[in-house]
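Below: one structure, written as C-alpha cells.
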Amino acid sequence: MFEFLNQPEVIKTIVTLGAMSLFFVGLFGLLTRKHIVKVFISIAIMESAIFLLFIGLSFNREKVAPIIDATQTQVATMNDPIPQAMILTAIVIGMAVLALGVSFAIEYYKLTGKTEIDTMNEMRF
Amino acid sequence: MSSTLFIALPLLFGFATPLLSRLGKNALAYTSVLMQLSLLGLALSLLLAHSSTTVELISIAAPLGISFVLSTASLLMVLLFTLLMTLFSLYYLFQRRANAYANESKFFTLLNMLLAASIGLVLSSDIFNIYVFFEIAGISAYILSAYSKTALALESGLKYLLTGAVASIFLLFAIVLIYLHVGSLNLAVIAEQFQLLPYNVKLLISLLLLIGFGFKVEVFPLNFWVTDVYQGSTSLVNALFSGIVVKAYLFVFFHILYLFLPQGEFTLFLLYLGGVSMLVAEVAGLRQTNLKRLFAYSSLGQVALIFVAFAMQNIQAVQAAFFIVIAHSLAKFMLFLALASLEKTEQNMHIDRLKQIDSPFLMVMMFLAMLSLLGIPLFVGFVGKFLLLKSLAVEGMLTLLVMVVVASFIEAIYYFKLMGYMLHKGTRSEKVEVSLGEKMIFVSLGLSLLLLGVFPMSIAGFLQNAAEVLLDQTAYITLLVGG
C-alpha cells in the first residue's frame, strides 16, 4: 500500500520537507529560548537538519556502497562517498564546538550562577 | 612543497607542544618564535623569488584533489600574518617574565593553530577545506578569548562561540547546496558552473554565504557581538583578532565573491551594506568610555572601510583595500600592544586614565598609530583612504564617497578626544615601565607605518599585481582545471 513511498522523488521530497522543518524548529529555538543549554541544543538541531538534508538528498537507494572489491568494480553504480566524508567531518567539528561551549557555560555558571543569556551582562557601557 | 609548510609547520608545532614543553621551561616559547621566524623567512624568500602563481597539490590533480594556491595576493596576506604573528610572539617573549599566561603550552598551541588556520583560509582552493579552517580559526579564537576564565572572559568566549556556531551552520548549508547543484567542492569548478544555475538557487546560496561570512567579517547587522568580545578578551589577544583573524575572513569572503557570486545588484547591495556598517560603528564609537571597546568600534569602522573597498571590484579599489588592510593591521596591532603594556596594572581601562599615565614613549607610539588610522598624510593609512576616495570619485559613487568622508570625520572626533587626553597637562602619577625589547617592536611597527606612508610606491606595484590576480577569475580557473 505504501510502495509509492519508495520512489526517489517522494523520498527526496520527504527528506527536504523534514530537514527544513527541523532546521526551522532549531532556528525558532535559537531565537526564542533564553537558557544557554537550550540555545546550544537549538544549534545542534539546526546542524543535524543540514546533515540529514545532505545525506538524504545525495543517497540513492538503487546504488551500492562505494567499496571496490572482487565483485564490485563499477564506479557508476556506487553512491557518492564525498557527502558522507564531509558530514562525518562536520559532525566531529560540531560536536567539538558544542562541548567547548558547554564547558564555557559550566565555568561561567560556577562563577556567576547565571544560565539565562539575557542576564549575561558583565560589560558595563 | 613550500606553501604547504605555512600550514603544516604551525599545526605540527601545535601537536608537538606536549613533547617540547618537557625540554625545559623556555623551550616552547623559543621554538615557537624560531618556527615563526623561519616561516617569515620563507615568505620573504618567496616574495623575492617573485615567481608567478603556483598551485600545490596535496594528493591528486585539481578537480578531485585538494590544492593550495599561492598567488601574489595570497602571498601578501601570508606575509602579513607571519610578520604580525612573529612580532606578537617576540612581544610576548619580552614581557613574559613579568606576566606570563597560565598554562603557557596551551597558549602557544592556540596561537599556532590560529596562524595555521588563517593561512589555510587564504591559501585553500577547496570550499570544504575553507569550512574546516574557518572552524579551526574559530575554535582557537573562542578559547583565546575566554582564556583567563574570569566571568568577563567566559562571557565574551560564550558570545563569540554562539555567533561562530551559527555562522558555521549557514556556511555549511551554503556548501551543501553548492555540492548538490554543482557536484564539486573545488572553487574553480564551482566558478565555472555557478553562472549556469537557476537564479533562485544562486540567490539562496549567495544569501547563505553572506550570512555565514557576515558574522565573521563583522558587517553591520551581524556585528553585535564584536565589541563585547573585544572588551572581555585581553588586549594582547585583541591584537590578533583585529590584525590577523578578521583580515583572513575578509580576504577569503571576497576571494569567493570574485570567483563565483553574482555581480551587479548584489555588489551594489554589499557596497551600501559596508557604508552603513561604517557609519553605525563610528557613531556608536563616539560615546564609549572604555578604551578596548572604543578601539573595537574603530576596528569595526575600518573593517567596513576595507569591505567597501573590496566590494568595489576594480583594480584601483582593491589595491586601496590592500593598503588599508596593511595600515589597519599594523596600527591596530600597535594600539592593542600599547594597551597591553599599559594594562599590566589594571584591566579594562577607562579613557580618563590616559591623563594619569606617565610614559612618553607609549604615548608617542599610540599617537603615531592613531594618526595613521585617521589617514593623515605621511602615514600609510592616508595612502589607502586617498586611493579609495579617488576610485569612488572615478566611478561616480558620490553617496558612498560622502559616507566614507563623514565616517572619517566622526572617527577623527573621538581619536582627537583621546589625543587631547594624552596631551593633558597635569600631574601624572602612574609610571609605566616598557622594556627595551618591547620598545623595539613598537618602533619597528611605527617606522613601517611611516616608511610605507612616505614611499608608498615601493609596494604599490606589488599590491596592484595582487589586486589584478585576486580579481582575475578566468586565470584562476585555467590554473586549476585547465582551459
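The values are calculated or read from the model by the stated rules, or taken from the named source; none is laboratory data. Note that the structure is predicted; figures quoted are calculated from it, not measured. Here Cβ is always computed from backbone atoms with ideal geometry, including for glycine, and neighbour counts include all displayed protein chains.
Is it true that B:LEU208 is out of contact with any His (no Cβ under 8 Å at 6 or more places or on another chain), modelled with pLDDT of 90 or more, within 18 Å of A:MET20 (Cα to Cα) and surrounded by 20 or more Cβ atoms within 10 Å (Cβ to Cβ)?
Values: out of contact with any His (no Cβ under 8 Å at 6 or more places or on another chain): yes; modelled with pLDDT of 90 or more: yes; within 18 Å of A:MET20 (Cα to Cα): yes; surrounded by 20 or more Cβ atoms within 10 Å (Cβ to Cβ): yes.
For B:LEU208, the condition - out of contact with any His (no Cβ under 8 Å at 6 or more places or on another chain), modelled with pLDDT of 90 or more, within 18 Å of A:MET20 (Cα to Cα) and surrounded by 20 or more Cβ atoms within 10 Å (Cβ to Cβ) - is met.
Determine which member of the set B:LYS417, B:LYS385, B:LYS390, B:LYS431 is charged (D, E, K, R), out of contact with any strand residue (DSSP E or B) (no Cβ under 6 Å at 6 or more places or on another chain) and at pLDDT below 90.
Numbers: B:LYS385 fails: at pLDDT below 90; B:LYS390 fails: at pLDDT below 90; B:LYS431 fails: out of contact with any strand residue (DSSP E or B) (no Cβ under 6 Å at 6 or more places or on another chain).
Of B:LYS417, B:LYS385, B:LYS390, B:LYS431, the one residue that is charged (D, E, K, R), out of contact with any strand residue (DSSP E or B) (no Cβ under 6 Å at 6 or more places or on another chain) and at pLDDT below 90 is B:LYS417.
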ask   = Would you say B:PHE295 is within 14 Å of chain A (Cβ to nearest Cβ) and closer than 21 Å to B:PHE382 by Cβ?
value = yes
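Look at segment B:211-227 and say how many of its residues are assigned to a helix (DSSP H, G or I) and among the aromatic types (Phe, Trp, Tyr). Let's see the steps before the verdict.
From segment B:211-227, those assigned to a helix (DSSP H, G or I) are B:211-216, B:220-222, B:226-227; that's our starting set.
Those still in the list that are among the aromatic types (Phe, Trp, Tyr) too: B:213, B:215, B:220.
Total meeting the criteria: 3.
Condition first: modelled with pLDDT of 90 or more, surrounded by 20 or more Cβ atoms within 10 Å (Cβ to Cβ) and out of contact with any Phe, Trp or Tyr (no Cβ under 7 Å at 6 or more places or on another chain). Can you find one or more residues in segment B:186-199 that meet it?
Of segment B:186-199, the ones modelled with pLDDT of 90 or more are none.
Checking segment B:186-199: not a single residue is modelled with pLDDT of 90 or more, surrounded by 20 or more Cβ atoms within 10 Å (Cβ to Cβ) and out of contact with any Phe, Trp or Tyr (no Cβ under 7 Å at 6 or more places or on another chain).
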inquiry  = Can you tell me how many residues within segment A:72-125 are under 30 Å from A:ILE55 (Cα atoms), in a loop (DSSP other than H, G, I, E, B) and among the hydroxyl-bearing types (Ser, Thr, Tyr)?
reply    = 1
remark   = Matching residues in segment B:137-165 (within 22 Å of B:VAL219 (Cα to Cα), at the interface with chain A (Cβ under 9 Å from one of its Cβ atoms) and hydrophobic (A, V, I, L, M, F, W, C)) number 5
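Among A:GLU9, A:GLU62, A:GLU47, which is surrounded by 14 or more Cβ atoms within 10 Å (Cβ to Cβ) and either within 29 Å of B:ILE66 (Cα to Cα) or away from chain B (no Cβ under 12 Å) (or both)? Spell out how you get there, then give the answer.
On the way: A:GLU9 fails: surrounded by 14 or more Cβ atoms within 10 Å (Cβ to Cβ); A:GLU62 fails: surrounded by 14 or more Cβ atoms within 10 Å (Cβ to Cβ).
Answer to the selection: A:GLU47.
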note = Given (1) more than 10 Å from chain A (Cβ to nearest Cβ); (2) under 18 Å from the mean Cα position of the chain (by Cα), B:SER125 misses just (2)
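Would you point out the residue of segment B:403-438, among those that are more than 17 Å from B:GLN356 (Cα to Cα) and among the polar types (S, T, N, Q), that is nearest to the chain's Cα centre (by Cα)?
Of all residues in segment B:403-438, those more than 17 Å from B:GLN356 (Cα to Cα) come to B:403-416, B:435-438.
Next, only the ones that are among the polar types (S, T, N, Q) stay: B:408, B:435.
Details: B:SER408: 20, B:SER435: 27 Å.
In this case the residue turns out to be B:SER408.
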query = List, please: which pairs have Cβ atoms under 6 Å, are six or more places apart or on different chains, and start with a residue in segment A:69-90 that is farther than 17 Å from B:SER184 by Cα and end with one that is of a type in the set (Ser, Thr, Tyr) and part of a loop (DSSP other than H, G, I, E, B)?
reply = none
inquiry  = Filter segment A:54-65 down to the residues that are outside any helix (DSSP H, G or I) and either modelled with pLDDT of 80 or more or under 19 Å from A:VAL10 (Cβ atoms) (or both) and list them by number.
reply    = A:PHE59, A:ASN60, A:ARG61, A:GLU62, A:LYS63
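So that you can scan it fast, the table gives a plain yes or no per residue for (1) free of Cβ contacts under 8 Å to residues at least 60 places away in the same chain; (2) of a type in the set (Ser, Thr, Tyr); (3) over 30 Å from B:SER124 (Cβ atoms):
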site: B:MET403; (1), (2), (3): no, no, yes
site: B:VAL406; (1), (2), (3): no, no, yes
site: B:ILE413; (1), (2), (3): no, no, yes
site: B:LEU418; (1), (2), (3): no, no, yes
site: B:LEU447; (1), (2), (3): yes, no, yes
site: B:GLU468; (1), (2), (3): no, no, no
site: B:LEU471; (1), (2), (3): no, no, no
task = Tell me which residues, restricted to segment A:79-113, are more than 9 Å from chain B (Cβ to nearest Cβ) and of a type in the set (D, E, K, R).
result = A:LYS110
